[in-house]
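Reviewing the structure listed below.
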Amino acid sequence: MKNTLLGSAYSSEDFRKRGHELIDSLADHLEQTTLGKSEKVLDWVLPKDEHHYWTDFLKNGDENALFKTIMSRSIHVHHPKYIGHQVSPPAPITALTGLIGSLLNNGMAVYEMGKAATAMELIITDLLCEKLGYEPKAGGILTSGGTLANLTALLAARKAMLPNDIWNEGHSQKLAIMVSEQAHYCIDRAAKIMGLGEKGIIKIPTTSNFTMDITALETSLAQVKKEGIEVFAIVGSAPSTATGMYDDLKAIANFSKKNKLWFHVDGAHGGAAIFSAKYKNKLKGISEADSVVIDGHKMMMMPTITTALLFKNRAHSHATFSQKADYLLEQSTEEDWYNLAKRTFECTKSMMSLHWYTLLKTYGETIFDDFVTSLYDLGQGFAEIIRNHSSFELAVDPMSNIVCFRYVSTKLDTTSLNSINEKIRLAILEEGEFYIVQTKLRGIHYLRTTIMNPYTTPAHLEILLDKAEALATANLPTAENS
Ligand SMILES: *Cc1c(COP(=O)(O)O)cnc(C)c1O
């Protein structure tokens, strides 16, 4: 190559050298974080200061320090005190599959642009269908995230359930889906993208434990029908994001069958429990769902972003998108399972099946049982610690590894407690030893944790409570302090 700049960008020797160094420093990073040797999960910096840092680095930073600096200035999801959001600490081997995927960069839209990964995708989605209890006519795809997968499922539902050709002709009738008020906001967004509007999202109230109130379904549906709105789908959360509570899928399945609705399960977080001998009972009824979403990057130990969308009848997956892009897609309407872009929102997508296949090949499906079961067990353990603590209360008895709780004191009213819990969360974020998040439920401010790391122990969680209690005492209103 004459051009030396391009020559060095593509140099295999340069790649080898940087790659070896990088793997070494990532392994060091992993040792520091998984064992909790590094003191902080996160070095909190204001967004404007972080922006300033990297603007300056681009001009003046040491190129050789780039990768290490990225590591030190990012949140450490492998740290046992990372118990905030639902993004998983990926099994390190899936960082390697990420590397292969990035270098090979197979685009996946048509068969020959991702030969191996396309075959793996069929194997993975077939396995997931089998675990769900689906029959052989089931099938699925991998796609970029739960948000996109939920939208895709609802598009398939609309196509399957309504008599008119909405994809090509649009719709003039009023359409709606039913969903719990605790569902992830992406369901709302999907409905809006589909043009259903505010009235197209029938929010079913939740019971005291934040699951869909099944007894409200019939009256809600009757009410909506009276307004001339046609409901075509109902979405169950497995579990919902804020509290980690599973809807009664069996009851929703019965309701959907009786009323001829598409039944979709948003199992982005906890659909993975189908692998857990101990916890799969939470998903009772899932085999009757028309479609199910499961995120690999949440409870299945994979890096962002990879999601499975499974259909009880795979023909619906082939019918979802009928737009024509002849240069890519053959005209045939037969099920060519190997030309994946026909069934995904994406055209190009990453070789995400490599993560799933490699985990299975290396550790077997037991790895998923071990991961889900140990983290859900930790959720139960943490709940027990909170129940026995006089200064804290649970929002609800958890059903998963998502645990919401708050500091309480009989001397303070809800407003003061909300303010104190908010301050606790902010102080924890800024201090950086732990990472937790927060949520507001029915006007009450809770601290929210998702235990995502099998290295987290009850002892870490006790330390978190001690810290939160100390922060609460420090932030008591002055009248109480004196
Ligand atoms: C995380 C989550 C989503 C969104 O999935 P992404 O992969 O982040 O797009 C949807 N639904 C539920 C229940 C979730 O927990």
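Given (1) touching a Gly at 6+ places or on another chain (Cβ under 8 Å); (2) open to solvent by 10 Å² or more (accessible area, probe 1.4 Å), identify the lone condition not met by Thr439.
(1)
Which residue is surrounded by the fewest Cβ atoms within 10 Å (Cβ to Cβ), if the candidates are limited to segment 185-208 and must be in a helix (DSSP H, G or I) and of a type in the set (A, V, I, L, M, F, W, C)?
Ile193
Looking only at residues that are of a type in the set (Val, Ile, Thr) and over 20 Å from His316 (Cα atoms) in segment 239-267, which one is nearest to the ligand (Cβ to nearest atom)?
So the first thing to find is which residues in segment 239-267 are of a type in the set (Val, Ile, Thr), and the list is 241, 243, 252, 265.
Checking which are over 20 Å from His316 (Cα atoms) leaves us with 241, 243, 252.
On the way: Thr241: 4, Thr243: 11, Ile252: 15 Å.
Filtering segment 239-267 for residues that are of a type in the set (Val, Ile, Thr) and over 20 Å from His316 (Cα atoms), the one nearest to the ligand (Cβ to nearest atom) comes out as Thr241.
Just one of (1) more than 27 Å from the chain's Cα centre (by Cα); (2) under 28 Å from Met301 (Cα atoms); (3) open to solvent by less than 30 Å² (accessible area, probe 1.4 Å) trips up Ala91, so point out which.
The single condition Ala91 does not satisfy is (1).
Tally the residues that are open to solvent by less than 40 Å² (accessible area, probe 1.4 Å) and touching a residue at least 40 places away in the same chain (Cβ under 8 Å), restricting the search to segment 368-388.
Narrowing segment 368-388 to residues open to solvent by less than 40 Å² (accessible area, probe 1.4 Å): 368-369, 371-373, 375-376, 378-379, 381-383, 385-386.
Narrowing further to those that are touching a residue at least 40 places away in the same chain (Cβ under 8 Å): 368-369, 371-373, 375-376, 378-379, 381-382, 385-386.
Residues flagged as open to solvent by less than 40 Å² (accessible area, probe 1.4 Å) and touching a residue at least 40 places away in the same chain (Cβ under 8 Å) within segment 368-388 amount to 13.
Under 21 Å from Ala191 (Cβ atoms) and either touching a helix residue (DSSP H, G or I) at 6+ places or on another chain (Cβ under 6 Å) or outside the structural domain of Leu162 (by TED's automatic domain parsing) (or both) - does that describe any residue in segment 296-309?
yes
Does Ile463 satisfy the condition of being at pLDDT 95 or above and open to solvent by 40 Å² or more (accessible area, probe 1.4 Å)?
Working: at pLDDT 95 or above: yes; open to solvent by 40 Å² or more (accessible area, probe 1.4 Å): yes.
The answer is yes for Ile463.
Which of the residues that make up segment 184-198 are under 14 Å from Ala233 (Cα atoms) and out of contact with any Leu (no Cβ under 9 Å at 6 or more places or on another chain)? Even if it seems obvious, please write down each step before you answer.
First pass over segment 184-198, keeping only residues under 14 Å from Ala233 (Cα atoms): 187-188, 190-191, 194, 196.
Of everything in segment 184-198, just one residue is under 14 Å from Ala233 (Cα atoms) and out of contact with any Leu (no Cβ under 9 Å at 6 or more places or on another chain), namely Asp188.
When you scan segment 206-238, how many residues do you find that are of a type in the set (Val, Ile, Thr) and either outside the structural domain of Lys260 (by TED's automatic domain parsing) or more than 16 Å from the ligand (Cβ to nearest atom) (or both)? Full working, then the answer.
Taking segment 206-238 first, the residues of a type in the set (Val, Ile, Thr) are 206-207, 211, 214-215, 219, 224, 229, 231, 234-235.
Restricting the remaining residues to those that are either outside the structural domain of Lys260 (by TED's automatic domain parsing) or more than 16 Å from the ligand (Cβ to nearest atom) (or both) gives 207, 214-215, 219, 224, 229, 231.
Of the residues in segment 206-238, 7 are of a type in the set (Val, Ile, Thr) and either outside the structural domain of Lys260 (by TED's automatic domain parsing) or more than 16 Å from the ligand (Cβ to nearest atom) (or both).
Please go through (1) crowded, with 23+ Cβ neighbours inside 10 Å; (2) in contact with a Leu (Cβ under 7 Å, 6 or more places away or on another chain); (3) over 21 Å from Leu283 (Cβ atoms) for Asn401 and return the number of the only condition it doesn't satisfy.
(3)
What pairs can you find where one residue is in segment 60-74 and of a type in the set (D, E, K, R), the other is open to solvent by less than 80 Å² (accessible area, probe 1.4 Å), and their Cβ atoms are less than 8 Å apart, with a gap of 6+ or different chains?
Partner pairs satisfying both residue conditions: Lys68/Ser25; Arg73/Val45; Arg73/Glu50; Arg73/Tyr53.
Being surrounded by fewer than 24 Cβ atoms within 10 Å (Cβ to Cβ) and either outside the structural domain of Arg442 (by TED's automatic domain parsing) or over 21 Å from the mean Cα position of the chain (by Cα) (or both) is the requirement here; does Ala277 meet it?
The answer is yes for Ala277.
Return the only residue of Thr147, Thr143, Thr125, Thr94 being within 16 Å of the ligand (Cβ to nearest atom) and touching a Gly at 6+ places or on another chain (Cβ under 9 Å).
Numbers: Thr147 fails: touching a Gly at 6+ places or on another chain (Cβ under 9 Å); Thr143 fails: touching a Gly at 6+ places or on another chain (Cβ under 9 Å); Thr125 fails: within 16 Å of the ligand (Cβ to nearest atom).
Step by step, each of Thr147, Thr143, Thr125, Thr94 is checked, and only Thr94 is within 16 Å of the ligand (Cβ to nearest atom) and touching a Gly at 6+ places or on another chain (Cβ under 9 Å).
Answer yes or no: is there a residue in segment 318-341 that is in contact with a strand residue (DSSP E or B) (Cβ under 6 Å, 6 or more places away or on another chain) and either open to solvent by less than 10 Å² (accessible area, probe 1.4 Å) or modelled with pLDDT of 95 or more (or both). Steps first, answer last, please.
Our first condition is that a residue be in contact with a strand residue (DSSP E or B) (Cβ under 6 Å, 6 or more places away or on another chain); within segment 318-341, this holds for none.
Checking segment 318-341: not a single residue is in contact with a strand residue (DSSP E or B) (Cβ under 6 Å, 6 or more places away or on another chain) and either open to solvent by less than 10 Å² (accessible area, probe 1.4 Å) or modelled with pLDDT of 95 or more (or both).
So which residues in segment 268-282 are more than 16 Å from the ligand (Cβ to nearest atom) and either free of Cβ contacts under 8 Å to residues at least 24 places away in the same chain or under 19 Å from Met212 (Cα atoms) (or both)?
Lys280, Asn281
The values are calculated or read from the model by the stated rules, or taken from the named source; none is laboratory data. Just so it is clear, the model here is predicted, and its values are computed rather than measured. For neighbour counting, all protein chains shown are included, and Cβ atoms are generated from backbone atoms with ideal geometry for every residue, glycine included. These area figures cover heavy atoms from the full protein model, side chains too; ligands, DNA and RNA do not enter into them. Shrake-Rupley method; radii C 1.70, N 1.55, O 1.52, S 1.80 Å.
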